[in-house]
Amino acid sequence: MLSLLRRRLRLATVTSRWPDVPAPLIDRAQPVFDPARCDLNGACARVCPVGAIVVDTRFALDRARCISCSRCIEVCPTGALAQGLTFAVPERTRSDLVEPRAAVATKGEELASRARHVLGRSLQVRHLDAGSCNGCDWEINATTNAVHDIQRFGIDFVASPRHADVLLVTGTVTRNLEIAARRTYDAMSAPRLVVAVGACAASGSPYPTGYASGEGAASILPVDVFIPGCPPRPEAIIEGLLLAVGRIVRAR
Amino acid sequence: MIETQNVAADALPETCAALVRDRHARLVVMTGTDERERGRGYGLYYVFALPSGDLVSIEAQVDPARPEFPAVTRVVPAAHWYEREVKDLLGVEPRGHPDPRRLVLHDDWPHGLHPLRKDFDGRRGVGRDPHPHEPLTGVRGDGVMEVPVGPIHAGIIEPGHFRFGGVGELVFQLEARLFYTHRGIEKAAEGAGVERVLFLAERVCGACSLSNAVAYSQAIENLTERHPGLRARIIRSVLLELERLYNHVGDVANLCAGAALQLGVYQGGVLKERLQELNAAVAGHRYLFSVACPGGVRRDLDAAAQERIRRESVAIESEFRGYVDALLETESFMERLVGTGVLDHDLADELGAVGVAARSSGVARDVRASQPYAALRPGMVSPVVRTEGDVRARMLVRVEETFASFGLIRELLHELAEVPPADLVTPIGPLPSDRWAMGMVESPRGENVHWVMTGASGEIARYRVRSASYNWALVPFAVAGNLLPDFPLINKSFELCYACLDR
Ligand code: SF4
Ligand code: SF4
């Protein structure tokens, strides 16, 4: 123990300065779309493994479904799709995650003021794996490491749904977890918020829906914030929680 | 080379037992298939590895009119979970199996429905059957309690249900009910294209994503006999070791969490985070998704990336050394690991343990040594083996392997620097019809096997993933006789993933 303490004293502070400085750039982020270059040829929609892109009389990219595989970017002949380098930001509704975005944002302000009103500014979070690949769960774990240090935002993870303000859901809601997921939510006392983490919880897209895999958290719970990504970076998860509680500062 | 023996279903136990007895073979994977559409029955494939590394496949067809066969488990215990799966998913009964309970399907799944039968439509939901709630453990007696835990746990971890049977804090028996995160990946792969299945393979498990993607790619490459060039193979090997590094380092840190040593969790967590940011910097993804593909790799490691890996690996290695030394000096921590959660050598051997768990109990299994793949050559990796079989042994094996990986990465980078830029993907072309092949990779958790069979027109007819997390079958044996509060520690020392077992 002493040797660990001694070692700690020698180590510099590692805590990330995000959101004051931007998160590191990554190049398996979701694509960016330039409508001026798009000629609606539909090549992207044909290669997308998860049906995140629909091209008919217009182009639509559903960021809740996108697993950032970059296949669409590779085949786009006009350069309308290009490699994004920053994580896709969380939103309050599924339709806010569809690109190009519809003009008016929805119930956002009202939720923000409600959340501020009922929850104050600090948050107790309960994680629920409803059938994931474990990737999102590991990223949630990473928010608690010394670098991302989610506690500096007044957010903490609790062991019981009874102590939680927010249910942080990963996974598609598999058949074998549906009952446990509903019970976990029911065990929380109101007011409570639900945040869906990753493509699985946001839409179920990574796995075809069927006898085993479901369509995400919103198919059984009232989701307040959707965090896109496969998996979302730790910063995106923190941002989604801040958005849920009405404390969001957009860092970009 | 794979040697194939077709036998009558009734001759399976005898043939498999003889292979184990006379040629010291070990069971690597077993798969059941529905080949009725191709004018056959249900296929059973038992793939064994010989000490030479060569594979032997014992194959049999089961008459659909009488879907049963004599269980191989009685003579080759390593088949126990595979044969239960065949019963659940295909409805083919292993006669005389010592444990005929359900494994993959939960109690509320209707009788007579089997997801991997071709006439089962995997795209629709299935209703729930009412079922009685039964105690899982067989422990009875004065003062005996059954403590249920999960499926939703108190930490940020995956779901699984445990029943601990015992007296006070002493656990006599542990029963695990798993497959909560069963997403039907194998069914979803049926009839899907090679590309779509790649993205499923990557998501069998987020923490071993690259290992799964490479094992799947190897299976496809073995089917088409089109293999990646040297540069792509070296890149695969480098990145696979980077995957091992962030897992192993994180697993050592997690062990500290199992013993509530917060300083250890914190310092190890920082190193894991640095390794994952290195992944993001050189491969674009903290979990190395979208990196490998059948035929090669989807991205290069240019000189700058190589230099970054070299520099960081030296820096992180020295940090890790300091961290481990400090842990080893922390007696209150190390004491808890000694003699805790012992996995017996013979049990590990017979039940088919793989990976760190096997090697910590004296069973020298490491695919990198026995069936070298990608850029690895025989002799480049020698398995790290310990014999104590306890939590401490599993920690020390990880530590030693971590140092070995740092060295191996630098050796591989040295080779990479000599290889001129080249096409990173060999076109694989269409799949041949009605054949099977497999790929094997030593993931951070152990041996991952992906087995792919094609149908009449070269579509994927059966995709079978046997991940290292089948080690779950061994955990209850290591827990019995220990104290309940030591379970998190034992569990974390195996560090198995639910997602890649459940699929
Ligand atoms: S998943 Fe996302 S990145 Fe991949 S093809 Fe679809 S839209 Fe493009
Ligand atoms: S969204 Fe992606 S990373 Fe997250 S659990 Fe699903 S498949 Fe895994």
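The values are calculated or read from the model by the stated rules, or taken from the named source; none is laboratory data. Bear in mind that the values here come from a model prediction, so they are computed numbers and not experimental data. Neighbour counts are summed over all protein chains in view; Cβ atoms, including those assigned to glycine, are modelled from backbone coordinates with ideal geometry. Heavy atoms of the whole protein, side chains included, go into the accessibility calculation; ligands, DNA and RNA do not. Shrake-Rupley method; radii C 1.70, N 1.55, O 1.52, S 1.80 Å.
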* **Rounded, prolate or oblate (a/c below 1.5 giving rounded, otherwise prolate when a/b exceeds b/c) for chain B by Cα gyration tensor** => oblate
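Apply the a/c threshold of 1.5 to the C-alpha gyration tensor of the stretch B:54-126 and tell me whether it is rounded, prolate or oblate.
Prolate shape, in that a/c is at least 1.5 and a/b is the bigger ratio.
In peptide B:250-257, how many Cβ atoms from other protein chains are near each Cβ within 10 Å, on average?
On the way: counts 4, 0, 0, 1, 1, 0, 1, 1.
Averaged over the peptide's residues, the number is 1.
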* Starting from the Cα-Cα distance between B:Thr387 and B:Asp121, subtract it from 0.36 nm times their residue separation and give me the gain in nm to one decimal. => 91.0 nm
* Members of the stretch A:171-196 that become less accessible by 20 Å² or more once partner protein chains are added (1.4 angstrom probe, chain alone as reference) -> A:Thr174, A:Arg175, A:Asn176, A:Leu177, A:Ile179, A:Ala180
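Per residue, how much accessible area does the stretch B:161-201 have with a 1.4 Å probe, in Å²? Provide the component values of the computation, followed by the final result.
Working: 1060 Å² over 41 residues.
Result: 26 Å² per residue.
Quick one: how many lysine pairs does the protein assembly as shown have with C-alpha atoms less than 26 Å apart and a gap of 8 or more or different chains? Give me the count, please. Before the final figure, lay out the partial values.
Numbers: B:Lys87/B:Lys118; B:Lys87/B:Lys187; B:Lys118/B:Lys187; B:Lys272/B:Lys492.
Close lysine pairs found across the protein assembly as shown: 4.
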* Asked: With heavy atoms of protein chains only and a 1.4 Å probe, what residues of the stretch A:4-20 have at least 40 Å² less accessible area in the full set of chains than alone?
  -> A:Leu4, A:Arg7, A:Arg8
* **Candidate residues B:Ser361, B:Ser433: accessible-area rank, largest first, probe 1.4 Å** => B:Ser433, B:Ser361
* **Cut-off under 5 Å, modelled amide H: who pairs with A:Phe157 long-range** => A:Val125
* What is the distance, in nm, between label points placed 7 Å from the Cα along the Cα-to-Cβ direction at B:Glu329 and at B:Asp344? -> 4.0
* Structure fact -> Here, B:Leu230 and B:Arg196, labelled 7 Å along Cα→Cβ, have an inter-label distance in nm of 3.9
* To do: Please give the contour-minus-distance gain from B:Met145 to B:Arg23: 0.36 nm per residue of separation, less the Cα-Cα distance, rounded to one decimal in nm.
  => 39.4 nm
* Per residue accessible area of the stretch B:433-503, 1.4 Å probe, in Å² -> 19
* Structure fact -> In terms of the alpha carbon gyration tensor, root eigenvalues a ≥ b ≥ c, rounded if a/c is under 1.5 and otherwise prolate when a/b exceeds b/c or oblate, the protein assembly as shown is rounded
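Can you tell me the accessible area per residue over the stretch B:285-366, all protein chains present, probe 1.4 angstrom, in square angstrom? Show your work: numbers first, answer last.
Numbers: 2960 Å² over 82 residues.
For the stretch B:285-366, the per-residue accessible area is 36 Å².
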* Ordered by residue, what ³J(HN,Hα) values in Hz, to whole numbers, does the stretch B:210-219 give under the Karplus form 6.51 cos²θ - 1.76 cosθ + 1.60, where θ = phi - 60° and Gly and Pro are x? -> 5, 4, 5, 5, 6, 4, 5, 4, 4, 4
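Could you work out, residue by residue across B:320-328, how many beta carbons of other chains sit within 10 Å of that residue's beta carbon, and then give the average as an integer?
Details: counts 0, 0, 5, 4, 0, 3, 8, 4, 1.
Taking the mean over all residues of the peptide, I get 3.
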* Asked: Which peptide among B:171-180, B:479-488, B:210-219 comes first, and what is the full order, when sorted by highest mean count of other Cβ atoms within 10 Å?
  -> B:210-219, B:171-180, B:479-488
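Pop out the carbon and sulfur fraction of the accessible area of the stretch B:387-503 as a percent, whole number, probe 1.4 Å.
Values: 1910 of 3330 Å².
With neighbouring chains kept in place, the figure for the stretch B:387-503 is 57 percent.
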* Shielding of B:338-349 by partners, i.e. mean partner chain Cβ atoms within 10 Å per residue? -> 0
* Asked: Restricting the count to DSSP beta bridges whose residues both fall in chain B, what percent are antiparallel, rounded to a multiple of 5?
  -> 85
* Please give the calculated 222 nm ellipticity per residue for chain B, where each DSSP H segment of at least 4 residues contributes -39500 (n - 2.57) and the sum is spread over every residue; nearest 500 deg cm²/dmol? => -12500 deg cm²/dmol
* To do: With a point put 7 Å past each Cα toward its Cβ, work out how far A:Asp56 is from A:Ala190 in nm, to one decimal.
  => 3.8
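Please give the peptides A:240-247, B:302-309, A:57-64, B:395-402 ranked by average Cβ packing (other Cβ atoms within 10 Å per residue), highest first, as a rough proxy for protection. Working shown, then result.
Working: A:240-247: 23.9, B:302-309: 15.4, A:57-64: 18.5, B:395-402: 22.2.
Result, highest mean Cβ count within 10 Å first: A:240-247, B:395-402, A:57-64, B:302-309.
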* **³J(HN,Hα) computed for each position of the stretch A:151-165 - Karplus, 6.51 cos²θ - 1.76 cosθ + 1.60, integer Hz, glycine/proline x** => 5, 5, 9, x, 10, 9, 9, 10, 7, 10, x, 5, 9, 9, 8
